[in-house]
1. So which GluC sites (Glu not before Pro) in segment 1-83 pass both tests, a DSSP loop state and at most 12 other Cβ atoms within 10 Å of the Cβ?
2. Can you give the convex hull volume of the alpha carbon atoms of segment 15-70 per residue, in Å³?
3. Against the empirical 2.2 N^0.38 Å scaling, what ratio does the C-alpha Rg of the chain come to?
4. Among PRO51, PRO60, PRO103, whose mean-square fluctuation peaks in a Gaussian network model of the chain (Cα, cutoff 10 Å)?
5. Below 14 angstrom from the Cβ of GLY25, what's the summed charge of the other residues (Lys, Arg +1; Asp, Glu -1)?
Amino acid sequence: MPIWLVPDAPYAGWHLGSATLGMPGNTVINGHNWPEDGVFRFLYQVRVGDPILLYSGRVPFVYEVREILILKEAGQPLEVRQENARYIQPTDDERVTLVTCHPYGSTHYRLIVIAHRAKADLPPGSE
């Protein structure tokens, strides 16, 4: 099972090998929800339909939250953790997957937010 580094707060980290913004595939970004300046401190407050604005350099990309998952992680057998990891695997569609721990300061669960490129942000003819 792949292991990745999570940067110190307040930064988020892009999973090496995941898609880059604006390209087909799964762009996976992880970050801490703690301490107080954790980049994903308030990620648990997003709702389906909410926009997510990300930048690649100065280029903005707008995504719309489609799915929010809270998955048991700590103390789970390898099979469960491998099944949870399916959300960070490559995909054919263009999406962003944000990953953090849940609840605040705990590693018992994974909070996974999946967002797809907002239609208003797509170049004409690419839908």
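Coordinate-derived values only; no laboratory data. Remember, predicted model here, so these are calculated numbers, not experimental data. Note that each Cβ is placed from the backbone with ideal geometry, even for glycine, and that neighbours are counted across all protein chains shown.
1. On the way: sites: GLU36, GLU64, GLU67, GLU73, GLU79, GLU83; in loops: GLU36, GLU73.
Those that pass, being in a loop and sparsely packed, are GLU36.
2. Value for segment 15-70: 112 Å³ per residue.
3. Ratio of Cα Rg to 2.2 N^0.38 Å: 1.04.
4. Of the options given, PRO60 has the highest mean-square fluctuation.
5. Numbers: positive: ARG95, ARG117; negative: ASP92, ASP93, GLU94.
Summing Lys and Arg as +1 and Asp and Glu as -1 gives -1.
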